[in-house]
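Visitor: Could you have a look at this structure, given as structure tokens, before my questions?
The values are calculated or read from the model by the stated rules, or taken from the named source; none is laboratory data. As the structure is a prediction and not an experimental result, all values here were calculated from the model. Counting neighbours? That spans all protein chains shown, and the Cβs are built from the backbone with ideal geometry, glycine included.
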Amino acid sequence: MAKMFSSSDFGTTSWELIIRLDHQNEKEQKVFTLRVSGDLHIGGVMLKLVEQINIAQDWSDYALWWEQKHCWLLKTHWTLDKYGVQADARLLFTPQHKMLRLRLPNMKTVRLKVSFSSVVFKAVGDICKTLNIRRSEELSLLKPSDDYFKKKKKKEKNNREPLIEDILNLDNSITSSGSPASPGLYSKTVTPIYDPVNGTPVSSTITWFSDSPLTGQNCNILAFSQPSCSPETLAEMFQPRSLIDKAKLNAGWLDSSRSLMEQGIQEDEKLLLRFKYYTFFDLNPKYDAIRINQLYEQARWSILLEEIDCTEEEMLIFAALQYHISKLSLSAETLDFTNESEVDEVEAALSNLEVTLEGGKTDNILEDITDIPKLADYLRLFRAKKLTLKTFKLYWFVFKDTSIAYFKNKDLEQGEPVERLHLRGCEVVPDVNVSGRKFGIKLLIPVADGMNEVYLRCDNENQYARWMAACILASKGKTMADSSYWPEVNNILSFLKMKNRNTSSQAPSDPECMDMKPECFVSPRCAKKHKPKQLAARILEAHQNVAQMSLVEAKLRFIQAWQSLPEFGLTYYIVRFKGSKKDDLLGVSYNRLIRIDMATGDPITTWRFANMKQWNVNWEIRKVTIEFDQNVSIAFTCLSADCKIVHEYIGGYIFLSTRSKDQNETLDEDLFHKLTGGQE
């Protein structure tokens, strides 16, 4: 009688659970069968399994992965019943940390252990600690499209060696320790450290992240610009991309709220580590040697591969800076940064980069409030209309607060203006050719049915810099009283100075032209337009304007010039707006959204994050709805990417705008997930 009872009891309350073991030393996965009951917790299941495996080793990094549900069973106190695991479940007992290959912004590939069970936001934080890159929240992982690496494979058939040399193996990285969130990695006190060999500041984050596996040599590979690749390699990598192609490329960003494993990433897969958000906070040459170099490299490649548009004049400035940086990086003698005052000078120049953040320094708050300056001068104006020639008319312009009024002449200033232009939320685009003495400002001003196009023409560099800086600030809702106005004016002047062709200096020497390989410093399309000797001469001519810069200063100048390009920081997605019969492009930037005509590439209208009241996503129909001030609301569905990616971009930028220097290095990770996470 008792035997029958126990057998029926046995049949109803316990069952067989099949678990496969993913053991690193075994080629084939072994299968284990456990007798379990629904009230057994996950920790108990793993204990039983390890006892049955009977191999003496550290199993602490192993966890259970549920294949059908595509999720980790990490809550060890939860029971099988609570998770809903039944006899048909296929479970895998596998390490949480696995090898991953990451292509960095400088096109070097590193191979390191990464958590496949942490959410990507946290995994990227661990990767950046390993690589000594502060402010990991600005970076993320991008899964490239299938054809991204294809062009390079043609090269590999002829020459396979560089592929092996190119991989920097960091197998003993901190992220493999089994406790990826060790709190002791951050040191509160940071002191600059200088490399004894070449005198440059080794990133102090070597003390910052004390357990980093980076040796001095590896650190140099990441912190210094490597020799330029050959023109042939550049030509192979170059793929002319339309705005639609760029939009498709942006579909590959991983979801920061889910783990690598949950997103189907395989062990040893190749992903791109990139700066995703274009707000570079607290850049400091004392501590950020690697971060600044990787940022410079991302900017450099975006210019060389024409991922961002620039004029030929600007291309030559970028080429001159690259040539200068490449020369300094190869010469140990010029790498002497042990002089503290030089580092301080570079630090002072960093205020230029603060423009990328919405706020600047607010030193003279009382002065800002009481004295709002104005600009007044004669400028030329042209209003874009169809089928009209570009004829500029002279008017008297007055710039006050965030608007421009213009009058027929100076005497009429106290009366009614011909027109008043409100610049808050407008797009400001430089229209400059320094050698042709053309200093123009293109304004795209939002109106109910799209954008009004207005062109202003200044007489000289100084006038242009003052008016351009005022327009840029006004577009963000700031006046010239803001403390970032004069740094912005100086920024613009320094960039114009770099563009100014230095005819008085002696011509570059022929031997230097011979050694240069100018095709390495410009995009392949630009290189085809000029003979190499002619191109080298023009780059060396531009180089005379930057030849006195130190290495870090030149990199920061390059980043700053990149930031001044009209397309800087725009990430494109193909969307369909509510009520529209055709697809449009949505440009997402650090401070605004832009609706762009897909056929012409022209902006249709702009919405600023500062005017945003709320946004939400209908996950069932994948529609994003955003409400702005003054009863403006927009709704769109995403076509080129999952709407979660666009939703995360918007939330991510709003999250980054909450950062402040007094936070030290701690981030409110919960706030990030609250602003970016899906509600599915």
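Visitor: Would you point out the residue of segment 62-99, among those that are over 35 Å from the mean Cα position of the chain (by Cα) and basic (Lys, Arg), that is farthest from SER37 (Cα to Cα)?
Guide: Within segment 62-99, the match that is farthest from SER37 (Cα to Cα) is ARG90.
Visitor: Now for a separate question. Which is in a loop (DSSP other than H, G, I, E, B) and not small (Gly, Ala, Ser), of MET99, MET107?
Guide: Only one candidate passes the filter, namely MET107.
Visitor: Now, a different point. With GLN560, GLN614, GLN630 as the choices, which residue is in a helix (DSSP H, G or I), under 27 Å from LEU656 (Cα atoms) and not aromatic (Phe, Trp, Tyr)?
Guide: Answer to the check: GLN560.
Visitor: Go over the candidates SER580, SER640 one by one and state the one that is small (Gly, Ala, Ser), outside any strand (DSSP E or B), within 22 Å of ILE308 (Cβ to Cβ) and not assigned by TED's automatic domain parsing to the domain that holds ILE445.
Guide: SER640
Visitor: On the given criteria, is PRO518 surrounded by 15 or more Cβ atoms within 10 Å (Cβ to Cβ), over 24 Å from ALA610 (Cα atoms) and modelled with pLDDT under 85?
Guide: Here the answer is no, as PRO518 does not meet what is asked.
Visitor: Among the aliphatic types (A, V, I, L, M) and touching a helix residue (DSSP H, G or I) at 6+ places or on another chain (Cβ under 9 Å): does that describe ILE244?
Guide: no
Visitor: Only one of LEU64, LEU112, LEU92 is buried (at least 21 other Cβ atoms within 10 Å of the Cβ), in a strand (DSSP E or B) and modelled with pLDDT of 95 or more; which?
Guide: Exactly one residue qualifies, and that residue is LEU64.
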